[in-house]
Amino acid sequence: MPTPIGHLLAGTAIAWSASSTPAPGTAGRWLNWRVTILCALLAALPDLDLLYQPIHRTVTHSVTSAAFVFIVASAVTGWVTGRQALRLGLLCGAAWGSHTLLDWLGADFNPPRGIQALWPFSDRWFISDWDLFLRVERRQPLSSATVIANLKAAGREIAVLGPILALLWWRRRSR
């Protein structure tokens, strides 16, 4: 499963792919950065379930939770601003859902392997077995072996997601 770095990068990519160019003016640029920060954080938040191990990789790692985030974000945005509710809701839901996708593409050797992507409709665990992203080590967090393993995992995430972010950044700047 990816590190928080990989999830933050994925959320940033979601935000940047939806808005190809910063809005004119200082306020428009700040709004784009707020949306970027929001999407990055939403992409990493599902791992807060680590605080309560029995639900880790279940409820918060499902397409149901991404749909819930979409509905709540759309409702709140519509209530607060009255505009762009669907767009921001879709961005928020996609950012949250990117966590599920990245974890599905990650390596996981601990049973049960994978995520319950279809919770509550199915109790099956899903994993792609492509191991695009390396496994994060959580035991003995300050040991040199753990630090090295997690640095390798973060490096792989940057190598995979970095070029996508660079392309999106270039596209935003060239418009």
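Values in this text are rule-based calculations from the coordinates and carry no lab data. Note that this is a predicted model, so its numbers are computed, not measured. All Cβ positions, glycine included, derive from the backbone under ideal geometry; neighbour counts span all protein chains shown.
Helices in the chain that qualify as membrane-span-like (whole DSSP H runs, Cα extent of at least 15 Å along the helix axis, mean Kyte-Doolittle hydropathy of 1.0 or higher) are 4-18, 63-80. Between K152 and R83, the FRET efficiency from the beta-carbon distance, with R0 = 45 Å, is close to 0.50. Extension gain for I71-L142 works out to 21.6 nm (0.36 nm per residue, less the C-alpha to C-alpha distance).
Taking amide H positions as modeled 1.01 Å from N, with prolines and chain starts lacking one, the residues under 5 Å from F133 and 5 or more places away or on another chain are G106, A107. Put simply, when 141-147, 117-123 are sorted by average Cβ atoms within 10 angstrom per residue, most first, you get 117-123, 141-147.
Can you compute the charge dipole magnitude of the stretch 4-174 about its Cα centre, using +1 on each Lys and Arg Cβ and -1 on each Asp and Glu Cβ, nothing else charged? Give it in debye, rounded to the nearest 20.
Working: 15 positive and 9 negative charges, 122 e Å.
Using Cβ point charges on Lys, Arg, Asp and Glu, the stretch 4-174 gives about 580 debye.
Pair-distance distribution of the stretch 4-174: all C-alpha pairs, bin width 5 Å, starting at 0; shares per bin in whole percent are 1, 9, 15, 20, 19, 15, 11, 7, 3, 1, 0.
Taking amide H as placed 1.01 Å from N in the peptide plane, the amide H of F126 sits under 5 Å from that of I115, Q116, A117, each at least 5 places away or on another chain.
Site pair L132 and I37 shows an inter-label distance of 2.9 nm when each label is modelled 7 Å from Cα along Cα→Cβ. Of the residues G78, G114, G11, the one that moves most in a GNM of the chain with alpha-carbon contacts below 10 Å is G78.
Which one of A40, V147, F121 is farthest out on the positive end of the charge dipole of the chain, using unit charges on Cβ (Lys, Arg +1; Asp, Glu -1) and the Cα centre as origin? The listed residue farthest towards the positive side: A40.
With the highest mean first, a sort of the peptides 161-169, 48-56 on other beta-carbon atoms found within 10 angstrom per residue produces 161-169, 48-56.
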